[in-house]
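Comments concern the structure below.
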Amino acid sequence: MRQRILILGGGFGGLFTALGLGGARDVTLVSDEDHFLFKPMLYEYLSGEVDAWHIAPDCKELLDERMHFVAAMDLGTRKVTLVNRSEPISYDVLVVALGAVTNYAGVEGAEQFTLPFRTLNDANRLRRRMTEALDHVPPASAPQDTRGKLTFAVIGGGASGVELATKMADLLRDAVKRRALHGEPRVLVIEMADRLVPGMGQEIRRYVEDALEASRVEVHTETSVVKLTAGGITLEHQNAHTEIETAAVVWVAGVRVNPLIEQLAVEKDRRGLIIVEPTLQVRGHENVFALGDIAFYPDVVPTLAGTAQLAFQQSSLLARNVKAFVEGRELKSKHFVELGEAVSLGTERAAVLSAGKVIGGPLARQARFAMYTSRLPTWHHRLRVGASWFFEGTEPRPLQPLGF
Ligand SMILES: Cc1cc2nc3c(=O)[nH]c(=O)nc-3n(C[C@H](O)[C@H](O)[C@H](O)COP(=O)(O)OP(=O)(O)OC[C@H]3O[C@@H](n4cnc5c(N)ncnc54)[C@H](O)[C@@H]3O)c2cc1C
């Protein structure tokens, strides 16, 4: 009898597992989104360097899937309940790849007044807020008024914070120039630790620091955000508080495990991640597998944890192990390796670490596009996107006045 394989989550872990399993089996993928999202290029979508179809192909284009929102999982009865569907889905093998959500860490006003940056809609909303702020600057404004009205803060100084802040600063400066406004925008990055991107190697960090300077991003380290309101933020640095008025604040200061995982009675680590065996099976449930941002796999270097490159590598092991499980063969384990680093640094530059070598600047930007083309799902999609980037270019789309 064919075993029913149910995959929850259509991101890096879930989608690539489904593709790895191929169409020959009884596989159902459940996701609350109708598209996959190649999140490492969400910054380029914000700036208009890429279009939605490049980085967010429709799931129907990639595989025959179903779109639903998972409400609950019952590992005992082997059933998953979906929102707006009365009948639960039964499975023989379950793959859990529901990913992470934004962690606001209990900071006052954070969830209410900041923008997250994880989805296409988040990027659309941020782009709109930047455009609206620009539209509110009268042409004859004094430089300090322009700066005040165009103050944006990015909370969190990890790779995401750096990539986002440099992209926003370049886009805003370009728009200020095009609209012949006086003055400059102000983009701040707020980080609690004593430096940005702590896990990053020294050589690539040099490019990051140069890019932050070139994009004129204001970096505040050893600084915490203590409060957010509709109009601004309160920062704390060395016990002194400062209030800054902002046009918008983006929160990229951390993630936490998907709330659905909190309801699952399985073994977890102190952050609530599901502890998996080297075969990616959930402890105590041999027919349940977990991967990506919700799984804790002890043999992984800390810099690889919570990354697309880990979920991507795990998906190929997982697909092989699910096949082995249903066919009664022995399951395997694998050592996951760092595939390199690639950071977007504004609209003109990037930095790429690959095979121990670091390159930066416009060439690295091209290398990053080439590298990411090869990591998109399916050959067909890669070819279409590669051709589009090659022939039509990847110029940023300026922040035009709304209704333009
Ligand atoms: C802006 C951004 C940039 C990033 N850049 C990089 C990078 O450059 N390099 C890198 O290695 N990593 C990067 N990451 C991290 C990387 O994207 C994640 O580590 C990776 O996506 C994890 O894969 P996953 O399958 O665990 O989760 P995800 O890819 O997040 O997939 C989870 C899926 O579950 C679905 N889902 C969630 N809840 C439900 C529900 N209740 N019902 C149904 N479906 C649900 C979601 O819609 C999604 O499809 C970035 C992340 C972000 C947000």
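The values are calculated or read from the model by the stated rules, or taken from the named source; none is laboratory data. Keep in mind it's a predicted model, so treat the numbers as computed, not measured. A quick note on method: Cβ atoms are made from the backbone with ideal geometry, for glycine too, and the neighbour counts reach across all protein chains shown. Ligands, DNA and RNA are excluded from the accessible area calculation, which covers all protein heavy atoms including side chains. Shrake-Rupley method; radii C 1.70, N 1.55, O 1.52, S 1.80 Å.
Take the Cα of ARG85, go 7 Å toward its beta carbon, and the backbone nitrogen atoms of segment 2-29 under 17 Å from that spot belong to 4-11, 14-15, 18, 26-29. Each 20 Å bin from zero up to the one holding the largest Cα-Cα distance in the chain carries the following percent of pairs: 26, 55, 18, 1. Note that segment 1-153 shows a convex hull volume over its alpha carbon atoms of 151 Å³ per residue.
Specify the residue with the greatest mean-square fluctuation among GLY272, GLY201, GLY306, computed from a Gaussian network of the chain linking alpha-carbon atoms under 10 Å apart. Of GLY272, GLY201, GLY306, the Gaussian network model singles out GLY201 as fluctuating most. Computed over neighbours whose Cβ is under 14 Å from that of ARG271, the net charge equals -1, Lys and Arg +1, Asp and Glu -1.
Taking each residue as 0.36 nm, the span from SER224 to ASP34 lengthens on full extension beyond its C-alpha to C-alpha distance by 64.7 nm. Which ³J(HN,Hα) values in Hz, rounded to whole numbers, follow from the phi angles of segment 175-187 under the Karplus curve 6.51 cos²θ - 1.76 cosθ + 1.60, where θ = phi - 60° and Gly and Pro get x? Working through the residues one at a time gives 5, 4, 5, 4, 8, 6, 7, 8, x, 9, x, 10, 10 Hz. Using the Cβ-Cβ distance between ASP269 and GLU184 with R0 set to 45 Å, the FRET efficiency works out to roughly 0.50. For segment 287-399, pairs of C-alpha atoms spaced more than 17 angstrom apart make up 66 percent of the total.
Each label point was placed 7 Å from the Cα along the Cα-to-Cβ direction; for ALA214 and VAL337 their separation is 3.0 nm. Could you work out the Rg to Rh ratio of segment 122-265, with Rh taken as the Kirkwood radius (inverse of the mean 1/r over all Cα pairs)? Over the Cα atoms of segment 122-265, Rg/Rh equals 1.01. Other residues whose C-beta falls under 15 angstrom from the C-beta of GLU392 contribute a net charge of -2, scoring Lys and Arg +1 and Asp and Glu -1. Peptides 334-346, 174-186, ordered by how many other C-beta atoms sit within 10 Å of their residues on average, highest first, read 334-346, 174-186. Site pair LYS357 and THR303 shows an inter-label distance of 1.9 nm when each label is modelled 7 Å from Cα along Cα→Cβ. For segment 171-320, the solvent-accessible area with a 1.4 angstrom probe is 48 square angstrom per residue.
Residue-wise HN-Hα couplings along segment 111-122, as the Karplus relation 6.51 cos²θ - 1.76 cosθ + 1.60 with θ = phi - 60° gives them from phi, are 5, 6, 10, 10, 9, x, 9, 9, 10, 4, 5, 4 Hz; Gly and Pro carry x. Residues within the reach of a label modelled at ASP92 (point 7 angstrom out along Cα to beta-carbon, backbone nitrogen below 13 Å), restricted to segment 276-306, are 287. Lys and Arg at +1, Asp and Glu at -1: add these up for the other residues within a Cβ distance under 14 Å of ALA355 and post the number. For residues surrounding ALA355, the net value is -2. Could you work out which residue, out of LEU264, LEU171, LEU120, moves most in a Gaussian network model of the chain, that is, has the largest mean-square fluctuation with Cα springs under 10 Å? Checking each option, the largest mean-square fluctuation is seen for LEU264. For the chain, a Gaussian network of Cα nodes joined below 10 Å ranks PHE12, PHE390, PHE152 by mean-square fluctuation, and the top entry is PHE390.
Between ALA370 and THR242, the modelled label-to-label distance comes to 4.2 nm, taking each label 7 Å out from Cα in the direction of the beta carbon.
Summarise the accessible area of the chain (1.4 Å probe, protein heavy atoms) by the percent that is carbon and sulfur. That fraction is 51 percent. Of the cross-linked pairs LYS79/LYS268; LYS39/LYS149; LYS177/LYS227; LYS177/LYS357; LYS60/LYS332; LYS268/LYS334, those separated by over 26 Å at the C-alpha level are LYS39/LYS149; LYS177/LYS227; LYS177/LYS357; LYS60/LYS332. List residues of segment 18-50, by number, whose backbone nitrogen lies under 18 Å from a label position 7 Å along Cα→C-beta of TRP379. Within reach of a label on TRP379, which here means backbone N under 18 Å from a point 7 Å along Cα→Cβ, segment 18-50 contributes 19-24.
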